[in-house]
Every structure is written in C-alpha cells, then in structure tokens.
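Asks: Take this structure first; my questions come after.
Please treat every number below as a calculation from the coordinates, not as lab data. If you're wondering where the values come from, they're calculated on a predicted model, not measured in any experiment. Counting neighbours? That spans all protein chains shown, and the Cβs are built from the backbone with ideal geometry, glycine included.
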Amino acid sequence: MSWLWRRHAPEPDQIDDPWRLLLSDESPIVLTHGDLHQSNIIVSPSSPTRVLTIVNWEQSGWYPDYWEYCKANYTVHEDDEWSSGGWIDLILKPQTDAQEAFEFYRRAIGS
C-alpha cells in the first residue's frame, strides 16, 4: 500500500511516507474475513441474539491484525449505524493509527 500511492512519481523512493510508520511490521498475522460487515453476519431471530455464522469469505486471508478493522471500516459509509453506532469498535479491537494510514492510502490510489 505504501508503494502504490507514489509508484508513478519520477523518484518514488525519494518521497517520505509518514503513514507507513502507522502500519506496524510487528503486528501478529491472523486469519481475517476481509469483508466483515452486517450483511455477512447471520444472527438468530430470537432472544438472546447469537451469531449463527459469518458468510462470504472470498476476501479472507492471513493479514496483520489491524487489517480486519481497517477493512470493516472501509465497507461502510461513516453515517451507517454499523460505523457511527460504534458496532465495529465493539466487535473488533480499534486500530486508529492503522486506520488513519489505510484511509490515506485508499484515497491516494482512488478507491
């Protein structure tokens, strides 16, 4: 991701990337879903509500532990209850530094 936003510059290695430091190389590698949002979580119809299954694992893989948090925030609009209601932060460990870097890279490459 760090390379993508500067790859078209004449001398990309000469461009400082302060956001790269926010993505730790020491983060544990974990199995992530990669597309975790409310439409992929099936819950029971009755009380007490329980998670029955998580579907749509096409984007899953082994990534740094901050990846799931960044991608979950990416999948929803900031006004969506999933994000604005704090559900993502309740389900996943907040990774605000990594999220800041992820958002910069995402906007820089136009996705």
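Asks: Taking strands (runs of 3 or more DSSP E) that fall entirely within the range 19-111, which contain at least 3 residues that are touching a residue at least 24 places away in the same chain (Cβ under 8 Å) and not polar (S, T, N, Q)?
Replies: 29-32, 61-64
Asks: Going by what's in this entry, would GLU68 be described as of a type in the set (Asp, Glu) and surrounded by 11 or more Cβ atoms within 10 Å (Cβ to Cβ)?
Replies: Judged against the criteria, GLU68 is a match.
Asks: Another question about this same structure. Out of the range 40-79, which residues are of a type in the set (D, E, K, R) and either in contact with a Ser or Thr (Cβ under 7 Å, 6 or more places away or on another chain) or on the phi > 0 side of the Ramachandran plot (or both)?
Replies: Residues satisfying the conditions are ARG50, ASP65, GLU68, GLU78.
Asks: With ILE54, ILE41 as the choices, which residue is of a type in the set (Val, Ile, Thr) and surrounded by 15 or more Cβ atoms within 10 Å (Cβ to Cβ)?
Replies: ILE41
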